[in-house]
Amino acid sequence: MQRLLPTQSMPDIDVPLAGGGRWRLADNAPDFMLMIDVFRGVHCPRCRRHLEEMSARHEEFSEIGLDMIAMSADPAERAEQSRTEWDMPNVPLGYGLPIEVARQLGLYISQNYASHESEIFAEPGVFFVMPDLTLYGAVINTFPFARPKIDDLLEVARIVKERNYPPRGTLAS
């Protein structure tokens, strides 16, 4: 599998939003930067803690000019469960991320081992997207543990903005 490299175009992401509406990457080019947080689904308590903290600190992201969205491969009813049970009012919640798009993003895909998990889902990833809809950088996990700290995600945006720091990891192997 060839990984998406920084400076390459992001795949076309088009997902429905919990609570109504749709979100399409092509319609959401950021002024500065967009952060897409792909999470495992409603079954993941670590994802819940991560996204609730991200939502609580939404204002800090906004002050830097960083737009954000969270999304998963969960179906509508599981996404609505996340929306109503989790405390994340400041982050749009997309669902139904196609597994093929998750693979294009370079995400690892898992099959459930417990009945409370979705049958198949994407493991976590955080993607920073530039105004031209190319990838700036990504943090990709093979499991729910060791998610990036919110302070570290904020630091990425601050350094890129303050120093005009270039994308790294652009050379294909």
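Brief remarks on what is shown
- Qualifying residue in region 143-151 (condition: at pLDDT 95 or above and in contact with a Cys (Cβ under 9 Å, 6 or more places away or on another chain)): no
- Verdict on Leu135 being part of a strand (DSSP E or B), within 26 Å of Gly41 (Cα to Cα) and aliphatic (A, V, I, L, M): yes
- When the criteria are applied in full, Asn164 meets the requirement of being free of Cβ contacts under 8 Å to residues at least 24 places away in the same chain and either of a type in the set (S, T, N, Q) or in contact with a Leu (Cβ under 8 Å, 6 or more places away or on another chain) (or both).
- Looking across Gly96, Gly125, one residue alone is under 18 Å from Met33 (Cβ atoms) and in contact (Cβ under 8 Å) with a residue 12 or more places away in the chain. It is Gly125.
A quick yes/no check of all residues on (1) open to solvent by 30 Å² or more (accessible area, probe 1.4 Å); (2) modelled with pLDDT of 95 or more; (3) aromatic (Phe, Trp, Tyr):
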{"residue": "Arg3", "(1), (2), (3)": "yes, no, no"}
{"residue": "Gln8", "(1), (2), (3)": "yes, yes, no"}
{"residue": "Ile13", "(1), (2), (3)": "no, yes, no"}
{"residue": "Gly21", "(1), (2), (3)": "yes, yes, no"}
{"residue": "Arg24", "(1), (2), (3)": "yes, yes, no"}
{"residue": "Leu34", "(1), (2), (3)": "no, yes, no"}
{"residue": "Glu52", "(1), (2), (3)": "yes, yes, no"}
{"residue": "Asp67", "(1), (2), (3)": "yes, yes, no"}
{"residue": "Ala70", "(1), (2), (3)": "no, yes, no"}
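- Region 130-173, subset of a type in the set (Phe, Trp, Tyr) and open to solvent by 70 Å² or more (accessible area, probe 1.4 Å), residue nearest to Phe61 (Cα to Cα): Tyr165
- Asp87 falls short on exactly one of the conditions (1) modelled with pLDDT under 95; (2) open to solvent by 60 Å² or more (accessible area, probe 1.4 Å), and that condition is (1).
- The single condition among (1) in contact with a helix residue (DSSP H, G or I) (Cβ under 9 Å, 6 or more places away or on another chain); (2) closer than 27 Å to Phe32 by Cα that Ile109 does not satisfy is (2).
- Scanning region 93-103 for residues that are part of a helix (DSSP H, G or I), closer than 23 Å to Gly21 by Cβ and open to solvent by 30 Å² or more (accessible area, probe 1.4 Å) returns Ile99, Glu100.
- Unique residue being of a type in the set (Asp, Glu), open to solvent by 50 Å² or more (accessible area, probe 1.4 Å) and at pLDDT below 95 when the list is Glu119, Glu80: Glu119
The values are calculated or read from the model by the stated rules, or taken from the named source; none is laboratory data. Computed from a predicted structure; not experimentally measured. Because the Cβ atoms are built from the backbone with ideal geometry, glycine has one as well, and the counts that use them run over all protein chains shown. The protein model used for the area step is the full one, side chains on, heavy atoms only, and it has no ligands, DNA or RNA in it. Shrake-Rupley method; radii C 1.70, N 1.55, O 1.52, S 1.80 Å.
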